[in-house]
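Only one structure is covered here, and it is reproduced in the block below.
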Amino acid sequence: MNDVKTKQLTLPITGMTCANCVATVERNLNKLEGVESTVVNLSSERATVEFDSTLIKMDALIARVERAGYGIAVGEAELAITRLADDNDARRLEKALQELDGVLDANVNYGTEKARVRYVPTVVTQAEIRRAVSGAGFEALELGGEAEDAEAKAREHEIAEQKRLLVIGLIFTIPLFLFSMGLDFGLLPQAWMGAAWSIGLMFALATPVQFYVGWQYYLGAYKSLRNGSANMDVLIAMGSSVAYFFSLVVMLGLIAGHVYFETAAVIITLIRLGKFLEARAKGRTSDAIKKLMGLRAKTARVVRSGVEADVPVDEVVVGDIILVRPGETIPVDGVVIEGRSAADESMLTGESLPVEKGPGDALIGATLNKLGILKFEATKVGKETALAQIVRLVEEAQGSKAPIQKIVDQVSAIFVPIVLGIAALTFVAWFYIVPTSLGGADFTRALINTVAVLVIACPCAMGLATPTAVMVGTGKGAEMGILFRSSEALERAGKVDVVVLDKTGTITKGQPTVTDIIVSEAGSVTRDELLQLAASVEKGSEHPLGEAIWAEATARGLKLTEATGFKALPGQGVQAEVAGRSVAVGNLRMMQSNGFALNGLESDVSRTQSEAKTAMLVALDGNVAGVIAVADTIKASSKAAIQKLHEMGLQVAMITGDNQKTAEAIAGQVGLDTVLAEVLPEGKVGEIKKLQAAGLVTAMVGDGINDAPALAQSDVGIAIGTGTDVAMAAAPVTLISGDLFGLPRAISLSRKTLRTIQQNLFWAFIYNIILIPAAALGYLNPMLAAGAMAFSSVFVISNSLRLRRAKISS
């Protein structure tokens, strides 16, 4: 979103029950002028809307959702305000709060010195509301409730309401069902069968279920039809109403026949039971996000003006000095200024070993301080912390749609109309065609089979098949230190054929050191002089090899000279003027392209390259005077991780700017299949394209910054070791820890998630493909149909939840 006018909001929706509801909300929001795109997720029950803020406001979006027949989860905060001088202050604060994005209504009472704020919890937090109060010149002493709990409370209220209606339904339906079955199976006096009082009793028990417990389905059906679509509510309302009103007509003596009050009541109550279990199970799909949010410290021990004080973590500002004792949670991101300890970062990176921390080292908020006392400076607070970024990225991924979901959306759009057509054909067939061979029309039989068709159809399972698996998969990934930025990335990672690894920082540690300094016998410089001249050119270099040369010279205490006319040649090296001499530091390609004589150093270059070292040649005034060999240590996990990728049936290649010999030496140590050596930065994209042209689904793994074009070109870009700056990497997948073992874990998790989605969709489609015809052919009682329909969604969600316990390759 480059345009500053374009804003993105996430709205928590209530009342959605199936894929048609998703389509209805999306269609209604997209109709509004200024709305650019809308993505609605049934599992997380959220709508992500991009819109032009100059054309439309949040209130209009919410009004449109409510007009479509759905609700918005709203939080309420009560604040005790101090420093209100008069009623004008109260009005001024009220206006300031109402102008805050995400605030629906604010009321400030000067007499009670309290503010009551209604807000959308996914748009604004209570911490931000409190800061707005401070910004207006007042102080909020207390808040009613936890900021993170506002949406959760709305969901809990929804589940509680489902439970209340279910209990009421059971209270009336169980005795009605037992009474009806007792009459049908001769367990009760036959004189009661058809008696006016017994039919009246069944009518009295069924009516509250039909119009109180089932009222939501009538309301939902009306709003759905008003919006020009048909959802699950239409099917339930029609199916139960046909049974109920037919029985009512029989009771009034207008036609003769059997009453089916118990069928209508059981349909509604069983579906209410299914929806209650579904809502509870759906809540568990977001457990990983809740777990991450629960890691956040509530308070921080801040040192201000030499005084230690515990303050709420929301009040910590950048630059605050914070003390953390052993066993305490590090409250925000920062840099150690005093003390030494080890931090357990496993909850964010997935790595079990504690990480040593000392002055200058970065700390990640929400991780655990294990050993010593640390004093650190806060560098990131609130929404900028690594934890907040991780939570945001996971929520965005959960809210996105996987490519496979598009097929489901297309089917869902026509599903209910098709079912209504099949129901109509069922009635016609049983009333007009089948009776011709049986000697007369059977209206009741036709009606019951029609009801069974209406009730058995389940668009809900189709709508939940993909998003529930994605929610659990992305959440589990976050717990393992793997961030998927979208559902598409999660889906694609499991289809990868070949993994291309950048060498520096991916296979190796990215911290090369000088191992050899060789001077030409024909030259006139010593090793230290050669190193000093090379380091003077490389001073300030951001390239790892240049940094290694500079670090070695500094460690030897060599005095560096200021370089002039500095020039960098990408993929080759650097050159500059130092103390009146022309100095070039680079690879063999650079020396050859400039026509510099190697002065008998060819064998030394070849030897160092065969030892997996990078040979940096130093030329003085057009003649190569020596070789500085630099080696980068291979990560301890690289060989085992690459072996694991092989076991998973993947090809593994390495891409590097190093010469062929050095690259092959490294490849031999870690067991790579293919080596792409001497590739300039701009050439990496071309190598990825070649693999894709061969029909291979390609994953590129790099640092996320230098490899950005290649990461973007690959089918799945994976950034490794970005640490606390998780939001900086543009790659679809980020491995927080920097451990290459995260790669097979990510691919394994993707494969398992994709398999779960396929299982869910198979069940959802096969269920409807088999049971709708079975109902149409008269093999299913409407009550059994309602039970099957109610539990189909629960099955899909439960299958997705199995991912939480799945063993992921490591």
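One table, with the values for the structure above:
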item: Surface/4 of the Cα convex hull for the chain, nm²; result: 45.0 nm²
item: Dipole of the chain [Lys/Arg +1, Asp/Glu -1 at C-beta], most positive-end residue of 393, 250, 134; result: 250
item: Ordering of 773-786, 419-432 by burial proxy (mean other Cβ atoms within 10 Å per residue, highest first); result: 773-786, 419-432
item: Residue-normalised accessible area of region 177-224, expressed per residue, 1.4 Å probe, Å²; result: 53 Å²
item: Between region 4-55 and region 302-346, the alpha-carbon center distance in angstrom; result: 39 Å
item: Average accessible surface area per residue within region 1-55, 1.4 Å rolling probe, Å²; result: 39 Å²
item: Carbon/sulfur fraction of accessible area - region 133-245, other protein chains in place, 1.4 Å, %; result: 70 percent
item: Probe 1.4 Å, accessible area per residue of region 590-650, Å²; result: 38 Å²
item: Sulfur and carbon atoms: percent of accessible area, region 660-807 [1.4 Å]; result: 61 percent
item: Sequence-distant residues sharing a close amide H with residue 342 (under 5 Å, placed H); result: 357, 370, 371, 372
item: Protection proxy ranking of 380-392, 527-539 - average other beta-carbon atoms within 10 Å, highest first; result: 527-539, 380-392
item: Helix-only CD estimate at 222 nm, as mean residue ellipticity for the chain, using -39500 (n - 2.57) per DSSP H run (n ≥ 4); result: -15000 deg cm²/dmol
item: For the chain, cysteines whose Cβ has no other cysteine Cβ within reach (under 4.7 Å); result: 21, 458
item: Acute angle (nearest 10 degrees) that the helix 196-208 long axis makes with the longest principal axis of the chain, alpha-carbon atoms; result: 20 degrees
item: Region 353-505 shape via C-alpha gyration tensor axes, a/c threshold 1.5; result: prolate
item: Segments 156-162, 190-196 sorted - mean Cβ within 10 Å per residue, highest first; result: 156-162, 190-196
item: Region 539-610 versus region 396-430: alpha-carbon centroid distance in Å; result: 66 Å
item: Derived scalar couplings ³J(HN,Hα) [region 496-505; Karplus, 6.51 cos²θ - 1.76 cosθ + 1.60; whole Hz; x for Gly, Pro]; result: 5, 9, 9, 10, 9, 9, 6, 6, 5, x
item: Solvent-accessible area, 1.4 Å probe, carbon plus sulfur percent, for region 351-498; result: 63 percent
item: On Cα atoms only, tilt of 215-226 relative to the major axis of the chain in degrees; result: 70 degrees
item: Rounded to the nearest 20 debye, dipole of the chain from Cβ charges on Lys, Arg, Asp, Glu; result: 2260 debye
item: Shape call, region 47-191: gyration tensor on alpha carbons, a/c limit 1.5; result: prolate
item: Volume per residue that the Cα convex hull of region 137-294 spans, once the total is divided by residue count, Å³; result: 191 Å³
item: Cβ-based charge dipole, the chain, positive-most Cα from 743, 446, 186; result: 186
item: Degrees between helix 261-284 axis and first principal axis of the chain (Cα, 0 to 90, nearest 10); result: 10 degrees
item: For region 641-719 versus region 729-798, the gap between their alpha-carbon centres in whole angstrom; result: 33 Å
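The values are calculated or read from the model by the stated rules, or taken from the named source; none is laboratory data. Just so you know, these numbers come straight off a predicted model, no measurement behind them. Methodologically, a virtual Cβ is constructed for each residue, glycine included, from the backbone with ideal geometry; neighbour enumeration extends over all protein chains shown. Quick note on the areas: whole protein, heavy atoms, side chains included, nothing else; ligands and nucleic acids left out. Shrake-Rupley method; radii C 1.70, N 1.55, O 1.52, S 1.80 Å.
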